[in-house]
Structure formats: structure tokens, C-alpha cells
Amino acid sequence: NATAHVKSDGTVEVWAPIQGPDGALTETSNLLGIPKEKVKINPTLLGGSFGRKAFMDFMKEAIDISKQMQAPVKLIWTREEDMTQGPFRPGMLSKMRGVINKQNRLAAFSHHAIGESIQGQHWNGIEPFQADSWLAGELSKENHKYNFPIHHLSYTRVKTDIPILWWRSVYASNFAWGQECFLDEMAHKAGKDPIVARKELLRNAERDLKVISKLEEIINSYPSLPANHARGVAMFRSFATMSAAAVEVAKSDQGIKIIKVTSVIDCGQHVNPDMVKAQTEGNIVMGLSAAIKGGITFSKSKCDQNNFHEYQVMRIQEMPAVDIHIMENLEKPGGVGEPGLPPIAPALGNAIFNLIGKRLRRLPIDLGNVS
């Protein structure tokens with residue numbers, strides 16, 4: 001939604017729940033061909049963002065109509081317009097390879113990322129011979145800190161006409177799934193506990209080692225898991241913050257039930273721990289929703305889902321118990337709005353493997369139809 005008034009004196013005033021007022025100023029100036037000094041942006045404190053409201057098509061639509069009408073215009077998209085127009089979270093694939101050496105150590109790791117580039121689609125920001133630098137940053141050895149003696153990272157861009165954009169945690173939400181599930185698979189192949197395997201790889205990364213060790217300590221403090229229960233773990237760094245998660249699942253008459261999520265987050269120095277916790281809880285909800293609810297599909301170039309009866313989100317009765325721990329240190333502050341999300345789906349996938357012995361390689365997961 002947005003309200004815009006393009007005035008006869010050549011100025012414009014806008015009221016909108018936008019994510020970046022500076023970007024709105026620039027886009028309005030460019031759209032109307034007027035100096036920034038003639039633009040006034042009033043960002044309203046309404047609605048979530050998570051990247052979508054940094055893409056200001058709705059705001060520019062209101063401005064354009066106001067210019068044509070020569071009157072103030074209030075524009076509100078319907079839920080159907082919002083859901084079918086996108087932009088959407090990009091669909092991605094991970095091709096993983098690994099080597100376990102004769103000493104039973106995880107010795108080599110390859111991640112080939114496949115999918116459309118946000119940089120490339122929106123800003124023509126990459127050449128045909130270049131990789132998306134945002135994606136490379138997320139998957140680099142410098143980011144995840146896993147000290148594989150041999151590490152390989154590559155990317156294939158697959159262009160699509162489907163409009164894509166950021167979703168909470170950007171590429172981290174796509175590629176943590178492949179990285180962390182495959183790392184677990186390598187650990188099991190080597191006969192190692194997945195946490196022990198990660199600790200070996202992180203032996204030279206003190207902060208990350210503390211995070212996974214803290215998660216291990218918390219898990220070990222819990223009562224032993226009952227029969228037909230299992231737990232999986234994952235960790236991922238994004239926005240200069242490391243987050244690790246454990247997900248407990250159980251067999252039920254309806255399939256698989258998510259019982260509990262434990263999250264450890266190291267965001268460096270923080271001012272308001274309640275806010276860090278609230279953002280992490282929100283990340284758990286969104287991470288699980290994306291992992292277990294049906295996604296967006298297309299038929300004859302049109303989005304099939306147009307409201308919440310077709311695009312399901314997690315209901316309150318499906319919410320598991322959560323246990324969130326914030327690491328205390330004096331490190332440089334990192335983000336908290338997004339980093340808690342990436343480990344959730346792979347921790348769930350690893351838990352399901354530990355429960356039923358089957359590797360799931362595709363999201364979303366139908367918990368009522370897993371066997």
C-alpha cells in the first residue's frame with residue numbers, strides 16, 4: 001500500500017511502509033525526473049519488510065496514478081494481487097560432492113549452486129562470466145569457516161522470467177539446506193557424530209566453535225529422547241552472525257511432528273536481548289513454514305496460489321516449543337533479523353533422517369507423507 005500526492009508545484013509527497021526511505025527518495029526522483037529536494041518520503045511504521053518492501057513497485061504505481069490523476073491517490077493491493085505478482089523467493093539447486101580420507105576425516109567439499117541471480121535479474125549486475133557475489137559470500141569458506149583442506153565453490157546462473165527478490169535471509173535460506181544436510185551426510189558416512197564432525201572442521205574458528213559447542217552443551221542437558229523421537233542439527237553464518245539450531249521430531253499418527261527447536265545465536269554485542277529473541281522466534285516460524293508448507297507454483301505462466309487458503313502458513317497449534325540462547329561477547333554487532341532462519345530447514349531434514357533413516361533432498365517437506 002502507498003499514498004502519493006504529485007502536486008502542481010512540481011513536488012511530491014509519499015506515505016508508504018517502505019523498507020528504505022533513502023531508496024524511495026532516489027526511485028521517486030528518477031521516476032518523475034525531479035530533484036530529490038522536491039521529494040518528501042514519510043515511511044509509516046506498519047507492516048513487515050524482509051526485503052519485499054525494498055522493491056517499491058507498489059509505491060511507484062501510486063505515484064504514477066497520482067501524476068496522471070493530478071490528485072492525491074491511496075493505493076492498496078488486494079491479497080490476491082500481492083501474492084500473485086511477487087517478486088518471489090528464487091528456486092535454487094545445490095549439487096554437492098565430498099571426500100572422506102583414509103583417516104576418516106572430512107577432507108574435501110564442493111558446492112555447486114544453481115539458480116537465478118537477484119543481482120543479475122534486477123540490476124544487470126553480473127556479466128555472463130561472473131558469479132553472483134552475494135551468493136559467493138554466503139557459501140565461501142571465509143563465511144562458513146569449515147576448514148576443509150580442499151574446498152570448491154561454483155555457480156551456474158539459470159535465467160527465469162519469474163520475478164525474484166530477497167526473502168528473509170536472502171540466499172542463506174536457499175543454500176543452508178544443501179550445505180548442512182550434505183555435511184551431516186558426510187559425517188554419517190565417516191561414522192562421526194554430526195556435531196563432532198563440525199567441531200573438527202571449526203577447530204580454527206573460535207567463535208563458531210563456541211556456538212556449536214554451546215548447542216551441544218544445551219542438548220546434552222536435556223532429558224534423553226523418548227522412543228520414536230530424533231534430533232538434527234545445522235548451523236549457518238549470515239549477516240555477520242552465526243546461528244546454530246537443533247530440531248526435535250517425533251513419529252505420530254499424522255506422520256512426523258516437530259516437538260522442539262533449540263537455537264543458539266552469536267550476533268556480537270547486542271543492546272536488547274528480548275528483541276534478539278523475538279527476531280529468532282520469528283525466524284523459526286518462517287523457517288519451518290517454508291520447510292513444511294506448500295510453495296509457490298505456476299501454471300500457464302500464472303501463479304497458482306492467490307490467498308492463504310492455497311498458500312498455507314504454520315498455524316499456532318503447529319508451533320513447537322522453542323529454547324533460544326544468545327552468546328555473550330564484545331564482538332562487532334551482526335544482524336539478528338535474518339540469521340536465525342537458515343539452519344532451521346536443514347536441522348529439520350537431518351532430524352527426519354535420524355528418525356526414519358531417509359535423506360530428503362527437496363523442499364518443502366510434507367510431514368504427513370514421510371516414510
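The values are calculated or read from the model by the stated rules, or taken from the named source; none is laboratory data. In this text the structure is predicted, and so the values were computed from the model without any measurement. Positions of Cβ are generated from backbone atoms using ideal geometry, with glycine treated the same way; all protein chains shown enter the neighbour counts. Side chains included, ligands, DNA and RNA excluded: accessible areas come from the protein's heavy atoms. Shrake-Rupley method; radii C 1.70, N 1.55, O 1.52, S 1.80 Å.
Tell me which residues, restricted to the stretch 194-226, are under 20 Å from GLU331 (Cβ atoms) and of a type in the set (Val, Ile, Thr).
Of everything in the stretch 194-226, those that are under 20 Å from GLU331 (Cβ atoms) and of a type in the set (Val, Ile, Thr) turn out to be VAL211, ILE212.
Being more than 30 Å from PRO163 (Cβ to Cβ) and surrounded by fewer than 16 Cβ atoms within 10 Å (Cβ to Cβ) is true for just one of ALA351, ALA321. Which residue is that?
Step by step, each of ALA351, ALA321 is checked, and only ALA321 is more than 30 Å from PRO163 (Cβ to Cβ) and surrounded by fewer than 16 Cβ atoms within 10 Å (Cβ to Cβ).
Restricting the search to the stretch 226-264, which residues are open to solvent by 10 Å² or more (accessible area, probe 1.4 Å), within 21 Å of GLY368 (Cα to Cα) and touching a residue at least 60 places away in the same chain (Cβ under 8 Å)?
ASN228, HIS229, ARG231, GLU248, LYS251, GLN254, GLY255, ILE256, LYS257, ILE258, ILE259, LYS260
Hey, does the stretch 304-317 have a residue that's polar (S, T, N, Q) and within 20 Å of the chain's Cα centre (by Cα)?
yes
When you look at LYS60, is it part of a helix (DSSP H, G or I), within 30 Å of VAL158 (Cβ to Cβ), open to solvent by less than 50 Å² (accessible area, probe 1.4 Å) and not acidic (Asp, Glu), yes or no?
no
Would you pick out the residues in the stretch 1-55 that are assigned to a strand (DSSP E or B) and within 28 Å of GLY337 (Cβ to Cβ)?
ALA2, THR3, ALA4, VAL14, TRP15, ALA16, VAL39, LYS40, ILE41, ASN42, PRO43
Within the stretch 219-301, which strands (runs of 3 or more DSSP E) (wholly inside it) include 2 or more residues that are among the hydroxyl-bearing types (Ser, Thr, Tyr) and under 19 Å from LEU348 (Cβ atoms)?
Because the criterion is at least 2 residues that are among the hydroxyl-bearing types (Ser, Thr, Tyr) and under 19 Å from LEU348 (Cβ atoms), the strands (runs of 3 or more DSSP E) in the stretch 219-301 that meet it are 241-252, 255-266.
In this structure, is PRO87 touching a residue at least 12 places away in the same chain (Cβ under 8 Å), at negative phi and either in contact with a helix residue (DSSP H, G or I) (Cβ under 7 Å, 6 or more places away or on another chain) or surrounded by 15 or more Cβ atoms within 10 Å (Cβ to Cβ) (or both)?
Numbers: touching a residue at least 12 places away in the same chain (Cβ under 8 Å): yes; at negative phi: yes; either in contact with a helix residue (DSSP H, G or I) (Cβ under 7 Å, 6 or more places away or on another chain) or surrounded by 15 or more Cβ atoms within 10 Å (Cβ to Cβ) (or both): yes.
When the stated conditions are applied, PRO87 passes them.
Which numbered condition trips up GLN68, out of (1) open to solvent by 80 Å² or more (accessible area, probe 1.4 Å); (2) at pLDDT below 95?
With respect to (1) open to solvent by 80 Å² or more (accessible area, probe 1.4 Å); (2) at pLDDT below 95, GLN68 is out only on (2).
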